[in-house]
1. Given the criterion touching a Cys at 6+ places or on another chain (Cβ under 8 Å) and either within 14 Å of the ligand (Cβ to nearest atom) or touching a residue at least 12 places away in the same chain (Cβ under 8 Å) (or both), identify the matching residue among 105, 40.
2. Quick check: is even one residue across the stretch 187-195 in a loop (DSSP other than H, G, I, E, B) and over 21 Å from residue 129 (Cα atoms)?
3. Does residue 12 meet the test of being of a type in the set (A, V, I, L, M, F, W, C) and within 12 Å of the ligand (Cβ to nearest atom)?
4. Test residue 89 against the stated conditions and say whether it is touching a residue at least 12 places away in the same chain (Cβ under 8 Å), in contact with a strand residue (DSSP E or B) (Cβ under 8 Å, 6 or more places away or on another chain) and among the acidic types (Asp, Glu).
5. Where residues in the stretch 15-37 are of a type outside the set (A, V, I, L, M) and within 12 Å of the ligand (Cβ to nearest atom), which of them is farthest from residue 70 (Cα to Cα)?
6. Only residues in the stretch 46-60 that are in contact (Cβ under 8 Å) with a residue 24 or more places away in the chain count as the first member; pair them with residues that are in a loop (DSSP other than H, G, I, E, B) and within 8 Å of the ligand (Cβ to nearest atom), Cβ under 6 angstrom, at least 6 apart or cross-chain, and list the lot.
7. Given the conditions (1) in contact (Cβ under 8 Å) with a residue 60 or more places away in the chain; (2) surrounded by fewer than 18 Cβ atoms within 10 Å (Cβ to Cβ), and given that residue 168 satisfies all but one, which numbered condition is not satisfied?
8. Write out, first by first residue and then by second, each pair whose Cβ atoms fall under 8 Å of each other, whose residues are 6+ apart or on separate chains, and whose first residue, in the stretch 12-34, is at positive phi while the second is among the basic types (Lys, Arg) and in a helix (DSSP H, G or I).
Amino acid sequence: MRLLLAEDDPMIGEAVRDGLHRQGFAVDWVQDGAAADLALETGTYDLCLLDLGLPRKEGLQILKGLRRKGSALPVVVMTARDSITDRVEGLDAGADDYVVKPFELSELAARVRAVLRRKGGRAAPVITHLDVTLDPATHEVRREGQVVPLSAREFAVLHALMEHPGRILSRAQLEERLYGWDEEVGSNVVEVHIHSLRRKLGADFIRNVRGVGYRVPPVE
Ligand code: CA
């Protein structure tokens with residue numbers, strides 16, 4: 001999952017970026033509204049964490065612009081202003097949820113997961129496919145009920161593939177889900193994770209679609 005974090009406060013920004021990164025999200029961090037607009041135009045994100053009070057362009061204007069263009073990108077608004085008006089205005093402008101600063105990282109992460117779950121059209125928090133279950137909240141993966149230990153990046157690859165069984169994700173799309181801007185991408189890192197996942201979950205669980213990418217085959 002790749003998130004855009006728009007936050008001008010360096011301490012909050014760093015804490016949120018690092019905290020969500022530890023939870024397996026790729027996080028791109030921008031510190032003003034114009035940079036947020038540019039990132040949203042050029043990048044592909046699963047969710048945006050948007051501070052309302054941003055230099056160069058207010059968060060609310062960014063949000064309104066997104067919705068005007070018909071974007072359904074999930075947006076969680078972060079605001080220090082805990083006045084009811086700001087929250088109502090944010091929600092009315094198309095925010096999916098909000099957190100009021102100061103917030104606990106665990107609460108923010110839970111709200112992010114809940115919004116992603118709703119947007120994915122799933123009410124149940126656990127994703128099940130064939131004999132494998134994946135819990136985005138606890139990062140626990142089980143096969144036939146037995147816990148399968150995965151690294152954070154193996155988990156992220158599997159999560160991306162299991163969200164939409166049958167859909168093919170290219171290597172570049174998977175890399176995008178794994179890495180933020182400030183990280184080096186190894187040359188065959190996706191292949192390495194896929195290889196390891198197949199070893200742990202069974203060779204047929206993830207299929208290679210030659211020249212296109214990878215997918216979890218749909219149940220027939
Ligand atoms: Ca701010």
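1. Answer to the selection: 40.
2. Looking for residues that are in a loop (DSSP other than H, G, I, E, B) and over 21 Å from residue 129 (Cα atoms), one finds at least one in the stretch 187-195, hence yes.
3. It is true that residue 12 is of a type in the set (A, V, I, L, M, F, W, C) and within 12 Å of the ligand (Cβ to nearest atom).
4. In short, no.
5. Going through the qualifying residues, I end up with 31.
6. Matching pairs, first to second residue: 51/7; 54/8; 55/8; 59/52; 60/52.
7. (1)
8. These pairs meet every condition: 24/153.
Read-outs throughout are calculated quantities, based only on the coordinates presented, and are distinct from any laboratory measurement. All values reported here derive from a predicted model rather than from experimental measurement. Neighbour counts run over all protein chains shown; Cβ positions are idealised from the backbone, glycine included.
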